[in-house]
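Here is the structure we will look at, set down as structure tokens.
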Amino acid sequence: MTKILVIEDEPDMRYGLEHNLRFEGYDVYLAEDGAQGLEVARKVSPDLILLDIMLPGMSGMEVLERLRKSKSGVPIILVTAKSQEMDKIIGLETGADDYVTKPFSVKELLARISAVLRRFSVEDDIGVYEFGDIKLDFTNLEAKKGGKPIELTHREFEMMKLFIKTKGEIISRNVLLDKVWGYDGDVQPTTRTVDTHIAKLRKKIEDSTENPRWIITAHRVGYRFMG
Ligand code: CA
């Protein structure tokens, strides 16, 4: 059964989510603060985490950082109170997979959950992929260039997964946004976001960012992976 961990300090919210997710057939685990959330995450290895940002003590963002630092690739959906916060979240390299803004409908949340789970189940079976002097280990979220470890963010691994699956084809910025960011809410990251992330990724994997060999720009459209 698919395990979902809910990290939420408001009791009504927590039990409401528990009830609705159980009803949908998910196996639900609850935590009321960040420390407890991390502990439960370690114990049960959830398939997805619903993470409230505003938590007493350790914030949701800190929980997220700690999970990613511990190499956890678990899909995470952030729950935020204000839509204002979203600008910050999208601007930052948070490593979250999606978000919902309170108040949200159960229907919307369930749609987000299944979309994120679907994305992960399809893309999680790449294992290890090598091109040139780059080695990407999608199981352990480890990357190497010329035998030396390089730090790829969770999102960069997601981008690489998509590139590998569409190798040689031009992939538009909008498709990248849709598949890697997955937002279809009110606050959209722009295609500029994609360019910024591609630039960062190139710095890590290309020998020359001026003359990229692996991620080629398709003028005005998007990118093409040649690995
Ligand atoms: Ca809260």
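The values are calculated or read from the model by the stated rules, or taken from the named source; none is laboratory data. In this text the structure is predicted, and so the values were computed from the model without any measurement. Note that each Cβ is placed from the backbone with ideal geometry, even for glycine, and that neighbours are counted across all protein chains shown.
Brief remarks follow.
- Looking only at the range 119-173, and only at residues there that are without any contact (Cβ under 8 Å) to a residue 12 or more places away in the chain and either hydrophobic (A, V, I, L, M, F, W, C) or part of a loop (DSSP other than H, G, I, E, B) (or both), the one that is farthest from Lys71 (Cα to Cα): Val122
- Residues (at pLDDT below 75 and of a type in the set (S, T, N, Q)) located in the range 65-110: Ser83, Gln84, Thr94
- For Thr2: the one exception among (1) surrounded by fewer than 16 Cβ atoms within 10 Å (Cβ to Cβ); (2) farther than 22 Å from Lys102 by Cβ: (1)
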